[in-house]
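Scroll down for the structure; my scribbles are underneath it.
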Amino acid sequence: MLAETGTYLIPTLSIGRWFLKHGREEGLTAKALEKGMVVCAHHYDAIRRAVKAGVKLAAGTDAIGSMHGGNADELAALVEEIGFSPMQAIVAATRNGAEVCRMADRVGTIDAGKLADLLLVNGDPLNDIRILKDKERLTVFKQGTLVAGGESLQQRQRS
């Protein structure tokens, strides 16, 4: 039905991965971690089947606590767990996310007349999507104004 109606699926992949990685230190028992692995495997399989059936997907999370600001983990999970290419994961987070939010006329792609919300990356996320998790390698522009990073960009401009 999702595919037939053009409804987007917005799975949360990174939370399961986070709990499996940090669950022990957060107090989860071995049994709970074992169950979590089974649940995550089913979750990933269901998402792969949905995508194969033509369901559109956008990247997003139900982030909690210290996970806020870790959206790049979701993109890495799309590549590593679901089998997306890095470009498919980036499109899920940008263009598809803008469509879900009904903002595609203003953001989500680099087009004339749209807001200049840009993420510049020192490196190639198409070779390794995890590079987007390295905040030292990122420069962020919101509506054309530098809001984060940019040290290496400013150094290159001076040279």
| note | Within the set Arg17, Arg102, Arg130, GNM on the chain using Cα springs under 10 Å gives the largest fluctuation to Arg102
| message | Need one word for region 1-76: rounded, prolate or oblate. Basis is the Cα gyration tensor (sqrt eigenvalues a ≥ b ≥ c); a/c below 1.5 gives rounded, then a/b vs b/c decides. | response | oblate
| field | Inter-label distance, nm, simple model (7 Å from Cα along the C-beta direction), Val147/Glu34 | value | 4.6 nm
| Is the chain rounded, prolate or oblate when judged by the Cα gyration tensor, a ≥ b ≥ c being the square roots of its eigenvalues, rounded requiring a/c under 1.5 and prolate requiring a/b larger than b/c? | oblate
| note | Scoring the chain by relative contact order with C-alpha pairs under 8 Å, at least six apart, yields a percentage of 18 percent
| remark: Stretched fully, the stretch from Asp128 through Glu99 gains (0.36 nm per residue minus C-alpha distance, one decimal, in nm) 7.9 nm
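For every helix of n ≥ 4 consecutive DSSP H residues, a contribution of -39,500 (n - 2.57) applies; sum these over the chain, divide by its total residues, and give [θ] at 222 nm rounded to the nearest 500 deg cm²/dmol.
-11500 deg cm²/dmol
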| request: Can you figure out the FRET efficiency of Glu25 with Arg48, using R₀ = 41 Å and their beta-carbon distance, to the nearest 0.05? | output: 0.90
| note | Computed about the Cα centre, the charge dipole of region 2-158 from +1 Lys/Arg and -1 Asp/Glu charges at the Cβ has a magnitude in debye, to the nearest 20, of 80 debye
| query | Taking the Cα centre of each part, how many Å lie between region 57-136 and region 10-54? | reply | 20 Å
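FYI, it's all coordinate maths here, none of it is from the lab. As the structure is a computational prediction, the values presented were derived from the model and not from experiment. All Cβ positions, glycine included, derive from the backbone under ideal geometry; neighbour counts span all protein chains shown.
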